[in-house]
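Sharing a structure below in structure tokens format, with a few things to ask.
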């Protein structure tokens, strides 16, 4: 009797393990419910006469334990996936779960979806160090490492990667993929690319300018930005708002160059300043905010993080939500979806954040109507 019990138990466990191996080979992302059904069918082949109740209960318990263990394995991608995360200017050490809140949201969402860095996911981080002349070469170097997927932050890198590969899936964070010539459609991007529009389109530039009332703003941008569709959108937005817009062109993204252009604005007695959404600015946000405060120039920014370090105000999308969406796009592609068939995600939630302490330091009386519109007022 004991020998027969041991034989049946060993046979059942062997069959269960064989089944799991076949499933892992054929369906690496098989849902838990599907796998449990297969194991239950195996268990029910066990004879169930009254005299064999103890044996049946023992085998059922044994198989149930195997089911939970193997189902957990079936939920996880079995192959180590490699993604390249490429930022134009951020320090690679900041791109982690312990970094900014939106990075934490990104990695936590990936984990929730079954991808844990160091277990079944390898994240290779790259930075262009704020030097646009090196972006194209960086894109080629990353493509030559043959990752499973590339995350490209901002317009220039996205365009460079689009030129560098037609096969490796690209997930882009970009202001407007159609206006920038990355794709012809938001709904069906085609090719090997999809992503998230980080600002909801070029019209957001005009909304930021509209918050400056009757000021004569300067626009802090790089020369390539001013000469591409983003610059054209800024000029049109200023015209529609009845504003006289002057470009303040950066030759490079470094502290010395920022100091130069701010001295120029002080000499020209700039009424106000709009800082473009270029990622290189974001990396230098503390420097920009300090120089704006020193020059007593009211400034509106593209992201709330500027306001958190003392900037006057920002009108921006919810970056935490954007990075969660980014993680979900990555999940779909790694599970076999064609990126060209996945629509670009367009954010619908935007927030106006005002730093009242900074307004007082600048001697500004913020209109009650504007404060009423704000989603958050920092005092």
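Restricting to the stretch 100-113, what's the tally of residues that are more than 21 Å from residue 157 (Cβ to Cβ) and touching a strand residue (DSSP E or B) at 6+ places or on another chain (Cβ under 9 Å)?
1
Right, another one. Among residues belonging to the stretch 308-329 that are out of contact with any strand residue (DSSP E or B) (no Cβ under 6 Å at 6 or more places or on another chain) and part of a helix (DSSP H, G or I), point out the one that is surrounded by the fewest Cβ atoms within 10 Å (Cβ to Cβ).
Restricting attention to the stretch 308-329, the residues satisfying the condition of being out of contact with any strand residue (DSSP E or B) (no Cβ under 6 Å at 6 or more places or on another chain) are 308-310, 316, 318-321, 323-324, 327-328.
Now drop any that are not part of a helix (DSSP H, G or I), which leaves 308, 319-321, 323-324, 327-328.
Working: 308: 14, 319: 21, 320: 16, 321: 16, 323: 23, 324: 19, 327: 20, 328: 17.
By that ranking, first place goes to 308.
Look through 365, 305, 277 and report the one residue that is in a loop (DSSP other than H, G, I, E, B), touching a residue at least 60 places away in the same chain (Cβ under 8 Å) and in the same structural domain as residue 244 (by TED's automatic domain parsing).
Values: 365 fails: touching a residue at least 60 places away in the same chain (Cβ under 8 Å); 305 fails: in a loop (DSSP other than H, G, I, E, B).
Just a single option satisfies the conditions, and that option is 277.
Let's see how each residue does on (1) within 21 Å of residue 226 (Cα to Cα); (2) surrounded by 17 or more Cβ atoms within 10 Å (Cβ to Cβ):
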| site | (1), (2) |
| --- | --- |
| 144 | no, no |
| 148 | no, yes |
| 156 | yes, yes |
| 159 | yes, yes |
| 166 | no, no |
| 169 | no, yes |
| 176 | yes, yes |
| 181 | yes, no |
| 189 | no, yes |
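To continue, here is another question. For the stretch 280-296, what are the residues that are within 22 Å of the chain's Cα centre (by Cα), closer than 13 Å to residue 261 by Cβ and in a helix (DSSP H, G or I)?
Selection gives 281 alone.
For the stretch 93-191, give me every one of the helices (runs of 4 or more DSSP H) that falls completely inside it and has 1 or more residues that are over 17 Å from the mean Cα position of the chain (by Cα).
Once the helices (runs of 4 or more DSSP H) in the stretch 93-191 are filtered for at least 1 residues that are over 17 Å from the mean Cα position of the chain (by Cα), what remains is 135-143, 155-164.
Right, here's the next one. With 82, 125, 104, 140 as the choices, which residue is surrounded by fewer than 19 Cβ atoms within 10 Å (Cβ to Cβ), modelled with pLDDT of 95 or more and under 17 Å from residue 336 (Cα atoms)?
Of the residues listed, the single one that is surrounded by fewer than 19 Cβ atoms within 10 Å (Cβ to Cβ), modelled with pLDDT of 95 or more and under 17 Å from residue 336 (Cα atoms) is 82.
Would you confirm, using the coordinates I've provided, whether residue 113 is in contact with a helix residue (DSSP H, G or I) (Cβ under 7 Å, 6 or more places away or on another chain), at pLDDT 95 or above and over 30 Å from residue 306 (Cα atoms)? I'd like the intermediate steps shown before the answer.
Values: in contact with a helix residue (DSSP H, G or I) (Cβ under 7 Å, 6 or more places away or on another chain): yes; at pLDDT 95 or above: yes; over 30 Å from residue 306 (Cα atoms): yes.
So residue 113 fits the description; yes.
The values are calculated or read from the model by the stated rules, or taken from the named source; none is laboratory data. Owing to the predicted nature of the structure, the values given are computational and were not obtained by experimental measurement. Backbone-built Cβ (ideal geometry, glycine too); neighbour counts: all protein chains shown.
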